[in-house]
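Below you'll find the structure, written out as structure tokens, and then a few comments.
The values are calculated or read from the model by the stated rules, or taken from the named source; none is laboratory data. The structure displayed is predicted, hence computed values, not measured ones. Methodologically, a virtual Cβ is constructed for each residue, glycine included, from the backbone with ideal geometry; neighbour enumeration extends over all protein chains shown. When the accessible area is computed, the model is the full protein with side chains, heavy atoms only, and any ligands, DNA or RNA have been set aside. Shrake-Rupley method; radii C 1.70, N 1.55, O 1.52, S 1.80 Å.
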Amino acid sequence: MKKRASAGEKLLLYSAFMVPALFIAAALAAPKISSYSPYGQNLKERFAPPSSSHIMGTDEFGRDVFARLIYAGRVSMAVAVVAVVISVFIGTALGLFAGFFGGWADSLIVKLIDIFLCMPVFFLILMVVAFWGPSVRNIMLVIGVTSWPGLARLVRAQVLSVSKRDYISAARSLGYGRMRIIFVHILPNVLAPVFVACVLGLGGAILVESGISFLGLGVQPPFASWGNMLSSGRTYMGTAWWLSFWPGMAIFINVLAFNLVGEHLKERFGR
Amino acid sequence: MLRYILRRLVSYIPLLIGITLISFLIMRLSPGGPELMSGFGSADSDPEVREKIVRVYGLDRPLHEQYLKWLGNIVTLDFGVSFQDGRSVSKKIMERLPATILLNVCSLFFIFLLAVPAGVYSAAKPGSFFDRAVTILVFAGFSVPAYWLALIFMDYFGVRLGILPISGMVSSGWDYFGPFRKTADVAWHLILPVFISAFTGLASLSRYVRAEMKEVLAMDFITAARARGVSEGDVIWKHAFRNALLPLATLIGLMLPSIIGGGVIFETIFSWPGVGRLMYQAVMARDYPLIMGNGVIVAVLTLAGNFIADVSYAYIDPRIRYK
């Protein structure tokens, strides 16, 4: 028995779909949307509060906050997408492999999953940034490489249960090759958790990236990311609230949207 | 029980090896990493110096040999000395540990205090106003950038209202306070960081309790209990909750890494004198031995926390011991 979603819930869900879509569209069409450059300084107009000419105000260098916010969306979204692609690829591949082949490869992969699950990822990320340098590429890589174990575990469990079904035995007895069974018969049946992990992962990656950038170890100025905008705005919280408010809000509503959609999908797919 | 503990301990050995190996590889395979560790500058410095470093630190030996040698050092807690003040890395970390443990234990306590009843009540009355309100709050806490929330609270409660301290663990002159005032002062400083940490870390536990309770409440023995006329409160707390509670111990183990990892940001924002802030300071100062030591020790301690969670799970639920 499925509970029908109420009108309020539907509205919430639609807005949750729209928020990241709008931000991504704005990021792609950034130069068309804002006439200001995200790097153009105008020292005459420092700390201008939100007004009709600068709808989100200007920062300590007189740069337009709205323009920076949109351009920062490019970086944050790109980092999140690449990180999620990496982690979903690793997670799905290892989960499929472990679940299907079993044996020592399986126990090795399970151990690897356990190792990553019980490491405080943020410390690991700081180590990587410290030794490999804070660059957008390194951030994408390290978020991707550290966030796959949850998915791998799910996919593995799913593969194990799917492999016992009759149609897999049927495929085997028809003499289909392993690759055909894995990719044609098993993979489509484990895609649901993969899809959910993609959506939830985007939210998670945005949060982590912004956290690292906030500490000054992620995206480096003058390039804008929501995290480093918040970080440089914190000094002026008492006098110019708009510097930290808008980027904080951007992270919050995007992550919230991804989490709501992800959770909804999870329930739709029956976990 | 003892046999179970021993078996668990053995199963942690590969995890320990994995964690140390990953840390070692991050350092060793980074461009110029080992030279950085030696404190003599990067690879592009004087070739003669470089050659000396390579020889002294055994960088020309095979990787596995280097790893074993390094592992031998860290087993005796020898992480070298800090670049900043020449003090032993492990000593510096040990000094900071109590503050981190205090903060995390308090956060965990409040997460349980809030998440368990919230999850149980939500599951008892799904779709109710309470359930919806809790769901919204939990999602908000899960999605909000913790440091942003921390900044807003610091600005409001610390700066505008001036009623809560916003940095450090103790007020100035703490050493001269009486024992009661000392405790109160620390508790005072704990309020903001613990609140933020608990609020943003609430989600996994409360969602979990809610899902688990819903599942248990749908079982036959619950219907049977209701049919016997057991009061609703007893059905929920005595019959259902006890069954939903069991796997909680494992969940703590899974929550630990993210709570401790998130500590880097809290501790930095609130100037909390713990290992998270130490890590941040070490990265900022390019204090490589301290970075390595800190990363490894925190990972191993998280593992120890996991182990405690495992053992307490087996203590609560004896069936686990025989699996």
Show the residue pairs that are 6+ apart or on different chains and have beta-carbon atoms under 7 Å apart, the first residue being within segment B:118-144 and assigned to a helix (DSSP H, G or I), the second being among the basic types (Lys, Arg). B:119/B:210; B:122/B:210; B:123/B:210; B:123/B:214; B:131/B:125; B:138/B:207
Let me confirm something: among A:219, A:190, A:194, A:208, which residue is part of a helix (DSSP H, G or I), closer than 23 Å to residue A:67 by Cα and among the β-branched types (Val, Ile, Thr)? A:208
Conditions first: (1) open to solvent by 10 Å² or more (accessible area, probe 1.4 Å); (2) outside any helix (DSSP H, G or I). Residue A:38 passes all but one, so which condition is the exception? (1)
Selection from segment A:138-173 of residues that are within 13 Å of chain B (Cβ to nearest Cβ) and either open to solvent by 30 Å² or more (accessible area, probe 1.4 Å) or more than 22 Å from the chain's Cα centre (by Cα) (or both): A:141, A:145, A:147, A:150, A:153
Residue selected from segment B:266-323 under the condition over 21 Å from residue A:130 (Cα atoms) and basic (Lys, Arg), by the criterion nearest to the other protein chains (Cβ to nearest Cβ): B:323
Test residue A:230 against the criterion of being modelled with pLDDT under 90, within 11 Å of chain B (Cβ to nearest Cβ), open to solvent by less than 30 Å² (accessible area, probe 1.4 Å) and closer than 25 Å to residue A:15 by Cβ, and give yes or no. yes
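Each row is one residue, and each column tells you yes or no for (1) open to solvent by 80 Å² or more (accessible area, probe 1.4 Å); (2) at pLDDT below 85.
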| position | (1), (2) |
| --- | --- |
| B:179 | yes, yes |
| B:187 | no, yes |
| B:191 | no, no |
| B:195 | yes, no |
| B:200 | no, no |
| B:213 | no, no |
| B:227 | yes, no |
| B:230 | no, no |
What's the number of the only condition in (1) in contact with a helix residue (DSSP H, G or I) (Cβ under 7 Å, 6 or more places away or on another chain); (2) surrounded by fewer than 20 Cβ atoms within 10 Å (Cβ to Cβ) that residue B:281 fails to meet? (1)
Any residue in segment A:236-262 that's within 10 Å of chain B (Cβ to nearest Cβ) and open to solvent by 10 Å² or more (accessible area, probe 1.4 Å): show its pairings with residues that are of a type outside the set (Ser, Thr, Tyr) and not in a helix (DSSP H, G or I) at Cβ separation under 6 Å, as long as the two are six or more apart or on different chains. A:252/B:144
Any residue in segment B:233-251 that is within 14 Å of chain A (Cβ to nearest Cβ), out of contact with any Cys (no Cβ under 9 Å at 6 or more places or on another chain) and surrounded by fewer than 19 Cβ atoms within 10 Å (Cβ to Cβ)? yes
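Tell me the helices (runs of 4 or more DSSP H) entirely within segment A:60-156 that contain at least 3 residues that are free of Cβ contacts under 8 Å to residues at least 12 places away in the same chain and farther than 30 Å from residue A:181 by Cβ.
Once the helices (runs of 4 or more DSSP H) in segment A:60-156 are filtered for at least 3 residues that are free of Cβ contacts under 8 Å to residues at least 12 places away in the same chain and farther than 30 Å from residue A:181 by Cβ, what remains is A:121-132.
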Can we say residue B:157 is open to solvent by less than 50 Å² (accessible area, probe 1.4 Å), assigned to a helix (DSSP H, G or I) and more than 8 Å from chain A (Cβ to nearest Cβ)? no
Flag if residue B:139 is closer than 26 Å to residue B:195 by Cβ and in contact with a Leu (Cβ under 7 Å, 6 or more places away or on another chain): yes
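From the list A:205, A:224, which one is buried (at least 24 other Cβ atoms within 10 Å of the Cβ), within 26 Å of residue A:145 (Cβ to Cβ) and away from chain B (no Cβ under 14 Å)?
A:224
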Could you tell me whether residue A:208 is touching a residue at least 12 places away in the same chain (Cβ under 8 Å) and more than 30 Å from residue B:277 (Cα to Cα)? no
